[in-house]
Structures are given as C-alpha cells and as structure tokens.
1. Does residue 552 fit the bill of being over 30 Å from residue 137 (Cβ atoms) and surrounded by fewer than 21 Cβ atoms within 10 Å (Cβ to Cβ)?
2. Quick one: residue 313 ticks every box in (1) among the hydrophobic types (A, V, I, L, M, F, W, C); (2) open to solvent by less than 50 Å² (accessible area, probe 1.4 Å); (3) under 17 Å from the mean Cα position of the chain (by Cα) except a single one, so which number is it?
3. Cβ contacts < 6 Å: first residue more than 14 Å from residue 275 (Cβ to Cβ), restricted to the stretch 241-252; second residue charged (D, E, K, R), any location; separation 6+ or different chain. Result?
4. Run residue 265 past the list (1) open to solvent by less than 50 Å² (accessible area, probe 1.4 Å); (2) farther than 30 Å from residue 541 by Cβ; (3) free of Cβ contacts under 8 Å to residues at least 12 places away in the same chain and report the number of the one that doesn't hold.
5. Take the residues in the stretch 499-537 that are in a helix (DSSP H, G or I) and of a type in the set (D, E, K, R), then tell me which one is surrounded by the fewest Cβ atoms within 10 Å (Cβ to Cβ).
6. Filter the stretch 28-38 down to the residues that are farther than 18 Å from residue 133 by Cα and either open to solvent by less than 60 Å² (accessible area, probe 1.4 Å) or assigned to a helix (DSSP H, G or I) (or both) and list them by number.
7. Kindly provide the set of residues from the stretch 354-377 that are touching a helix residue (DSSP H, G or I) at 6+ places or on another chain (Cβ under 9 Å) and crowded, with 17+ Cβ neighbours inside 10 Å, ordered by number.
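The values are calculated or read from the model by the stated rules, or taken from the named source; none is laboratory data. As the structure is a computational prediction, the values presented were derived from the model and not from experiment. All Cβ positions, glycine included, derive from the backbone under ideal geometry; neighbour counts span all protein chains shown. The protein model used for the area step is the full one, side chains on, heavy atoms only, and it has no ligands, DNA or RNA in it. Shrake-Rupley method; radii C 1.70, N 1.55, O 1.52, S 1.80 Å.
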Amino acid sequence: MTTLTERLCNELALDPTSRAVVDGRVAGGAAVAQALLDVGDDDAVAQAFASVLGLRLASSPSELVPEPAWLARVPLRVWAAARALPLKGADGSDDPLVMAVAVADPLDAAALDAVRVASGGLLPEVVVVPRRLLLVALREHLGVGADTVQSLVEGKGEEARTEVDLADAAEDASIIRLVNQVLQEALERRATDVHFEPFEGRYAVRYRVDGVLVEAKLPAEVRRLQAAIVSRLKILASLDIAEKRLPQDGRIKLRLSGREVDVRVSIIPMLHGEAVVLRLLDRSAALVGLVGTGMGGRDLDIFQHALELPHGIVLVTGPTGSGKTTSLYAGLSRINTPDLKIITIEDPVEYQLDGINQIQVDGKTGLTFAKGLRAILRHDPDVVLIGEIRDRETAEIAVQASLTGHLVLSTLHTNDAPGAVTRLIDMGIEPYLVASTLELVVAQRLVRLLCTHCKRELTQAERVDALAVLPGHSGPLYGPVGCRECNNTGYSGRSGIFESMAMSPTLRHVAGERASTQVLREAADKEGLVSLRDDGLRLVREGKTSVVEVLRNTHAGTLGR
C-alpha cells in the first residue's frame, strides 16, 4: 500500500534524489510538510496536499479574509502559535458548528487540536494554503507578535496599567521576543529604519521601506507595553532606562537569523512618551560596487576618473537618506589597494571596510571632525574620507588637505551639484580656493524601482501625461500595480540617479568670481551637465521606474531643465 508521503511525492513528481531527501528528513523526525517544502515550492506543496487529501485549496490573498466572530473566539496567541487563520465555510456560510481553518500543514494534528479546544469544541474544516501566503495573511490580520502581546497582557492583567520595574519588564522573555519579532519583520521587508511612536491612545510602529514609511500591523494592546519596549531597546543600546526627559543616542549589535545587524538608536521624549528610531545597517549585506549604485555610463566614467586623481576634493551631495555614503563607500572599495593609505572619519562608521582605517566621531570625548582631521593628516594618508562637511573649520581643513596632496572625499547637504560650490563659499572658504581644489560634485537621489513581478505598461491615455516630460519617446512606459512580492506598493528596491559636475576651466573661472548657483548651473549646462531629472528619465526609458516616481524625487525649478 502506498504511504501518504509516497503519494504526495508522486503528486509533486519528485525525482529520486528529492524523494530520498524527503524520506531522510521524515525518518529524522521532521514534519512531512517541512520535508516537502525543502524540495518543492509553497504553491506546489499546497496543491499536492489538497489533491491527495481531498481538501479545499485557497491560493490567493482574497480568499484569506478571516471570519471576525471566530477570530475573536480563540485567543490570538493560539492562532499565531498554530499558524492558522479562521475563514468562512466552503459554501461561504458562518455555521456556528463548523469552522474553516486555513493552514499550511494539514497534518499538524497538535495545532488543529489546540484550535478545537480553544474554540470550545468547534470542528475545524481544514483549508490548505501555501505557507508564504499564510504567513503574510497572519501578519496582516493578527499583527506582528500577536501571540507575544496577548500573552503579556493576559499574564499581567491590571499590572500592565500600573508602575512596574522597567528593568525587570525589559528583560521579560516575552518582551525580548516581541522586540525581536518587530526587528525580524523589518529586515524581511528590507526596512532601513524602524519608528516606535507613542500617540494618545495608541502605539505605532512604522518601517521605512524604499524611502517610504509604512505602518506595521500590531495588536492594539501593544500600547500597554510601550514603556517595557523602550526600556528593552535602551538596555540593548546601553542607555539609561531611568532617563525619560532628555534625548539619548546609542548603538546595538544584533544577530538575527544568521545576519549581523548594526542598529543606531535615537530616543527623544515626546508628548505621550518616548519615541525611538532605529537605523538598521545589515553588515552581512555586501557593499554594492559603483555599478550597483545605479550610475550610468557617463556618470560612472566621471566618478572613476575623479577617484584616480592624486589630490583634490570630490563631493557627493543630497538630502539625508539619498545614498551619499553608499556611493562613497563604493568608490573607496574600488580604489582600496595595498599601495594606498585610506583613512575615514565618520559619524557614525556605518560599514567596516577591510584595509581601510576608520575613525568614529565621539562628541563625549571631544573627537570632532576637525580635531580628527588634523590628526589624520599626520598619519601620511593618500585618501581621506570625511563623513560630512558640517562647518567652516572642517571645510578649511579639507581644503588644506587637498592643497597638500591628498584626495578628499566627503558629503554635503545641497539640492544640486552647482549648489555645493556656493555652499562652500558661504561657509567662509575663499572662492579661489574652492575653484582650485574642487574636482567633482555629484548630486544624487534614490528612486524606487518598479516591481518586476507586477509592473504594467501604461495605456495610450496614461502615456499622454508621461510624454509631457518625455517628448519624442516611442518605446513602452510602465507604471506600478502592487502584489505580494512588493507588499502591494508596486515598487521593490531603489536605484540612484545622479548629476555629475566635473570642474572644467570655465567652471573654475565662474566659481572664482563668486557666481550664484544659477550662473554656475547655466555654465555647467553649456558643458553638457545631465540633470537629476534627466538621469531619472533614463531609468524611465529603460522600464525600471515610473515617471511619477522621478517627478516625486526631483524639482523642475532647480533639478531639471
């Protein structure tokens, strides 16, 4: 007689090698569903279970809408632990004696028994769902850490509303697990920042994904645990949990699912409690090369040429979060060879680069950019990276370093490339020094890339508006749709767009005359400057992003022609 495992393997049409893997995993004590998922994809395994066991199959998000009455009848922690979701019956009814339960593993009798007992004896009608689809639905409808939050609130009862020992609460295993679950989801969604925000009557957690904030789904009861969550984060960052009136900054080193993550922590007292922002830096993620930043051929050639200069200043400009540091790191990685001495001074050091000497600014000890720079120049460097030119003193030392034979790389907050020249002059640097030392200014932004799984071609009517900024374009144009692969945003990942202004003799003369930004831009335009908007439209022509996304990140008055 054919065993159930064999029938499932036959349904999946597994080859002998895959069958041996499944048999070995099951013999070792693994669940049949997990063993099958090791060799097959979620959809195929769910289809096999439904076919062999004669069960109903739910394969789209629209079918995974929970029945509110049954969802409330069983504690959230039971649903979360069982990885199950209650649905309407096969006929769409809400028969009080039958409960349709969506699961990825219909052979998990313990989970189904837990649901049956917690529901007071309701008979589960099993519905098979692909595992990945089910996990997304559970997170959406139950919230991140639903089992943990409800266990904590039920366990503490009224104590959760009163003063408790914050140190003890922060070390509670459930609080630790909740914070880890939030961070884990943030990493899975490719978030760069996590915002914990207290409001009147609720506690919000938001993730910044591809530069846009999206709210995380959490149970409403989490607001009763906000003090313990903040205290947990303070302990991880070695901050003072008793200090609630002043801002605090710290750093955490975590290891989640085998990934090393550096976390920068910023805590600020707000009206309804302390707000926390975490900047996530995944150390296990490989640094992108210059091509990986999205630089086109012209910008790439200009930047690489500047990196090979023996001295001068190279600036990357843009607002916070526009990828300036990533571009500089990519440049350093390219020129990092044993015959060059490279030293960086940063606040903070975001990624550790082998073979490069890195210094972190520390206000508590008085190690400022200016003081660190003076010390660096006595260490015989060839290349110096300054995290940011913030003041006149730092700018003056950078200029002096350039004049004494060093290549200086740094960032500056300006809207466009010509604006960097006037910003340095406004800081107090003599125009002739700016003109003689500055070699290249690269302004950049980050635009979201269209999800390759769901992007669609624009209709003829939609093309009319797009062609207003792309006159003469005859190729296809695409727009966002939204699917489960991109969390229904229509976008996945980001790419840089660039405006590279190499200092020619003409531009040096204009800069030395203390010209305005507008005059500098007009002179640069005559020499072939490609604006941020025009470079963004290059990605639109290539089908990588949308016109709307480029317009959102650029301004016609100063960033385009």
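1. Values: over 30 Å from residue 137 (Cβ atoms): yes; surrounded by fewer than 21 Cβ atoms within 10 Å (Cβ to Cβ): yes.
Spelling it out, residue 552 is indeed over 30 Å from residue 137 (Cβ atoms) and surrounded by fewer than 21 Cβ atoms within 10 Å (Cβ to Cβ).
2. (3)
3. These pairs meet every condition: 241/234; 251/264.
4. Against the list (1) open to solvent by less than 50 Å² (accessible area, probe 1.4 Å); (2) farther than 30 Å from residue 541 by Cβ; (3) free of Cβ contacts under 8 Å to residues at least 12 places away in the same chain, residue 265 comes up short only on (3).
5. Applying the first criterion (in a helix (DSSP H, G or I)) to the stretch 499-537 yields 505-512, 517-526, 532-537.
Right, trim to of a type in the set (D, E, K, R) and you get 508, 521-522, 525-526, 533-535.
Values: 508: 19, 521: 22, 522: 14, 525: 13, 526: 10, 533: 21, 534: 17, 535: 27.
Out of the qualifying residues, it is 526.
6. So in the stretch 28-38, the residues farther than 18 Å from residue 133 by Cα come out as 28-32, 35.
Once the filter is applied, which keeps residues that are farther than 18 Å from residue 133 by Cα and either open to solvent by less than 60 Å² (accessible area, probe 1.4 Å) or assigned to a helix (DSSP H, G or I) (or both), the stretch 28-38 yields 30, 31, 32, 35.
7. 356, 359, 361, 368, 369, 370, 373, 376
This table checks each residue for (1) of a type outside the set (Phe, Trp, Tyr); (2) at pLDDT below 90; (3) open to solvent by 50 Å² or more (accessible area, probe 1.4 Å).
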{"site": "248", "(1), (2), (3)": "yes, no, no"}
{"site": "254", "(1), (2), (3)": "yes, yes, no"}
{"site": "257", "(1), (2), (3)": "yes, yes, yes"}
{"site": "274", "(1), (2), (3)": "yes, no, no"}
